[in-house]
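Worksheet: one structure, shown below.
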Amino acid sequence: MNSTPQQPQVLPPPTSVSAPGSGDLRALFGESSAVIASMTGPTHLLEAANPAFFRAIGRQDDARVGLPIDELMPELAAQGFVALLDRVYRTGEPYTGRDARVLLGAADQTREAFFDFTYEPRRDADGRVTGVRMIGVETTQIKQAQRLTAEHRVLLEQIARQAPLEEVLEGMAKAIEELSPGMLVSVLLADADGRHLRHGAAPSLPSFYNEAIDGIATGEAVGTCGTAAHRRQRVVVSDIAGDPFWEGYRDLAARAGLAACWSTPILGRDGRLLGTFAMYHREPRAPDEADLALAGVFAGTAGLAIERHLAEEARAAAEAREKAARDDLAFLLNASTALSADLDYSQTLSRLASLCTPALAPLCAVDVVDRGRTRRVAVAATTERDHQLLAAHLSDAHAESDDAVTRVLGTGVTEVARRAPRGPGPWRELRVTGYVCAPLTERGRTFGTVTLLSTDDHDFDSHAVTLVEEVARRTATAARNARQYTQRATLARDLQAGLLLPDIPDLPGAEVTTYYHPAGEGLDIGGDFYDVFPLDDGGWAFLLGDVCGRGALAATTTALVRHTARAVAAYLPDPQSIVRAVNRALLQPHGNHDNGFVTLVYGHFTPAPGGGLDIDLVRAGHTYPLHLTRSGVRTLKSDGSILGIMPDPPLTTARLRLAPEQSLLLYTDGITECRDAQGEQFGEERLISLLERAQRRPPATLDLVTGAVHAFTGGRAGTDDQAALLLTATTEST
Amino acid sequence: MAEEPVTGAEGALHVPLSVDVSIVDDITVVSPAGEIDYSSGSRLREALTVAEDRPPRVVLDLSHVAFMDSNGITILLLTHKALGEAGGWLRIAGCTSPVARVVQLVGLDTVIPCFPCRQDALGA
């Protein structure tokens, strides 16, 4: 312990690395022995003393027997100990001190120590006091151990409270420096693979030194810490100047004023290297037991702090990953909801672009193949300028062979690149740094692409790529559904348009007003129909009817009825034969013909000589036509059965004349069967009484009816179509 | 047998339809009670579906039906067609006056045999 060895000392690792173990504490205070000194005479001449005494007072190298105590230890007088010695010598009464604090050593080398001691009188044979004997036990280490324990507890509390690692390590370093004046502490942290040490805490070392040491490799002979980390064993260098481990770092140490370095590795409970705990001194020094014990205790504590910190970081990273996964899921769920909410095909694709921006990327474009050409159908960007630039990117560019969209359309495989797309485009203005182009594929056919572009403010990570592929998949499904719906709705609208008269033609001596209100929307096509067409003999045919059922099949049936009637009217002489022809057409087997039951009123009208209209009509299972006159409403109750069931239905022809301003009203049962809030049906009676009460000129008559129906139902949608046709004989003057 | 009135899909109050099915002399007798319209029609249609365990000869007893609209007409016509294709027939019995009215309007009685009561329909 006296000399400074040239070779670094390798000492066994501390026995425990968790709490300060009993071994370390024993090392701290158990080894101290009694100090004994005998003094003679009134000047307290030191007659004899044991080695422990000299060690304790720090005058090991001068065994100064024969000197008065206050010459040997000048520091004692000022602290009152010499006065105590005088008193004991004078009175013969012993004195006992407990945990008495004394500053020992010369002015520049003072150490604080604590003693339990006794001054007892020495007597000669006669009982006269000849001197004073001092017997003491140094309690400094106990005190230090107590303080150490207290410091240690504070540190453990800090660790438990999850104070930031830096704080804990710095607090620890400072506490040790206070416990051992003259010592400078540094804690280095190992990186994950254990190959390098990084600055942890070193409150008293100069920054240039800490910066230079930061990142040193762990390895044999890389300074004390590097070697200790590598060997996972304590390494002591008592004299840096002469030590081979410090090759290359000697100047650095000299500049920092460091002459000795003892390093203890900090190991995790699984033996993993967490860092090193180093004690530096400004003069060459070798550690004593107390120093080593201290190092052991604090290395263990530091290990706890670091482990706790690493566990906390791992937990936070796992939580972040989980949150990211939850966020992804939330994004996808929202995306799916948003995509499916809209059944319009082009809106679904626009929605895709806006969903991806800015959540996944600052720029997004959606392209689809439409009749052999690629078309940009949606664009999203974070600024208006970028939006216009991207939207204006010509689709002709897709003819270039080196184009991501073309490739992805062909392969159906996502393409990712960390550079702007190669083909022409506003990539520089948009500051594009990379892209992801994902296919929109449905039933094995890639019908479009969604392209995300990153700019120099943003970048993709791999999970964004996965997300965009997932969203693309969901969009493809939603778009397919939307397209089918749109197509069917378009078909339905076309069918509907084909079924109904766009305009009522100009009629001689007659006026026709119609009302049509199908019950369903979009896909549902009504089963009600009407038609007016000219006959060869100058007269006109009119009809209104109802197919039992709805949907596309009902639509084909209504088309069949109308077209058959129009076709055969040129060849058949009267309404009844035409209606029978329609019936035969209905009975012929058709493809997916579910039901072809049709009720119908079919008639011919011709201007009557002298004004008015002559009408022949056939009612086949339909609601009774109403003859509206100024004096009332007459129900035309002619017999006739529903069509499409039997080959030869019973039918009769009714004849009537409409005088000028009289009307014939045909309507479907959607009007009379509609219900109010209480469930009551509108009914034929209500219709007739309504028409009788209010004498209106047509076409106001129809408005009257439809208004009443609307009021009756409270505007609620009905389940059946409504149609009406009002044929009015006009006066000559109109 | 009639259930509590409920508010139907249109918010309308109507008496739900209950349908009794029994087999008499190798003839299926279907007896609905209540109103036959858009909302209750499916229940009647179910009862009239051609089934393995029921003879395709059906007497539909309408004496407890207070109301039937064009939806019911469609159901009856479809049933008439289906039973005919299955080698059976449909007969209607006991039309109450509102039902008789719509039956005559459509001329259903010229398509499907109608009888004043169940017994007559079974015996014919």
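The values are calculated or read from the model by the stated rules, or taken from the named source; none is laboratory data. No experiment lies behind these values; they were computed from the predicted model shown. FYI the Cβ positions are ideal-geometry reconstructions off the backbone, even for glycines, and counts take in every protein chain you see. Calculation scope for accessible area: heavy atoms of the full protein, side chains included, ligands and nucleic acids excluded. Shrake-Rupley method; radii C 1.70, N 1.55, O 1.52, S 1.80 Å.
If the condition is being modelled with pLDDT of 80 or more and open to solvent by 40 Å² or more (accessible area, probe 1.4 Å), then region A:396-414 contributes A:T406, A:R407, A:G410, A:T411, A:V413. Checked against (1) open to solvent by less than 30 Å² (accessible area, probe 1.4 Å); (2) away from chain B (no Cβ under 14 Å); (3) of a type outside the set (S, T, N, Q); (4) within 29 Å of B:G107 (Cα to Cα), A:R655 meets all criteria but (1). Of the listed requirements (1) modelled with pLDDT under 90; (2) open to solvent by 20 Å² or more (accessible area, probe 1.4 Å), B:V21 misses just one: (1). Summed over region A:601-625, residues that are in a strand (DSSP E or B) and within 11 Å of another protein chain (Cβ to nearest Cβ) total 3.
Under the condition of being assigned to a strand (DSSP E or B) and either open to solvent by 10 Å² or more (accessible area, probe 1.4 Å) or not small (G, A, S) (or both), the residues counted in region A:252-291 number 13. Of all the residues in region A:630-649, those that are open to solvent by 30 Å² or more (accessible area, probe 1.4 Å), part of a loop (DSSP other than H, G, I, E, B) and within 26 Å of A:T606 (Cβ to Cβ) number 4.
Looking only at region A:41-53, how many residues end up being crowded, with 20+ Cβ neighbours inside 10 Å and not in a loop (DSSP other than H, G, I, E, B)?
The total comes to 3.
Among the residues making up region A:165-184, those that are touching a strand residue (DSSP E or B) at 6+ places or on another chain (Cβ under 6 Å) and closer than 15 Å to A:V297 by Cβ are A:L169, A:A173, A:I176, A:E177, A:M183.
Restricted to region B:17-124, the set of strands (runs of 3 or more DSSP E) holding at least 1 residues that are within 14 Å of chain A (Cβ to nearest Cβ) comprises B:27-36, B:65-68, B:89-93. Just so you know, in region A:54-104 the residues that are open to solvent by 70 Å² or more (accessible area, probe 1.4 Å) and of a type in the set (K, R) include one that is nearest to A:D124 (Cα to Cα), and it is A:R90.
Residues in region A:428-448 that are open to solvent by 30 Å² or more (accessible area, probe 1.4 Å) and assigned to a helix (DSSP H, G or I): A:R428, A:E429. Here A:L665, A:L636 are screened, and the one residue that is more than 60 Å from the chain's Cα centre (by Cα), within 14 Å of chain B (Cβ to nearest Cβ) and at negative phi is A:L636.
Set side by side, the residues A:G136, A:G127, A:G97 differ, and just one is over 24 Å from A:A293 (Cα atoms), in a strand (DSSP E or B) and not β-branched (V, I, T), which is A:G97. Look at (1) surrounded by fewer than 18 Cβ atoms within 10 Å (Cβ to Cβ); (2) among the polar types (S, T, N, Q); (3) more than 8 Å from every other protein chain (Cβ to nearest Cβ) and you find that A:Q678 fails only one, number (3).
Please work out if A:A378 is assigned by TED's automatic domain parsing to the domain that holds A:R473, open to solvent by less than 30 Å² (accessible area, probe 1.4 Å), modelled with pLDDT of 85 or more and in contact with a helix residue (DSSP H, G or I) (Cβ under 7 Å, 6 or more places away or on another chain). Yes. Within region A:226-246, the residues that satisfy the criterion of being open to solvent by less than 10 Å² (accessible area, probe 1.4 Å) and either out of contact with any Gly (no Cβ under 7 Å at 6 or more places or on another chain) or not assigned by TED's automatic domain parsing to the domain that holds A:C261 (or both) are A:T227, A:A228, A:A229, A:V235, A:V236, A:V237, A:S238, A:I240, A:D243. Note on region A:190-209: residues that are more than 17 Å from A:T264 (Cβ to Cβ), in contact (Cβ under 8 Å) with a residue 24 or more places away in the chain and open to solvent by 20 Å² or more (accessible area, probe 1.4 Å) amount to 4.
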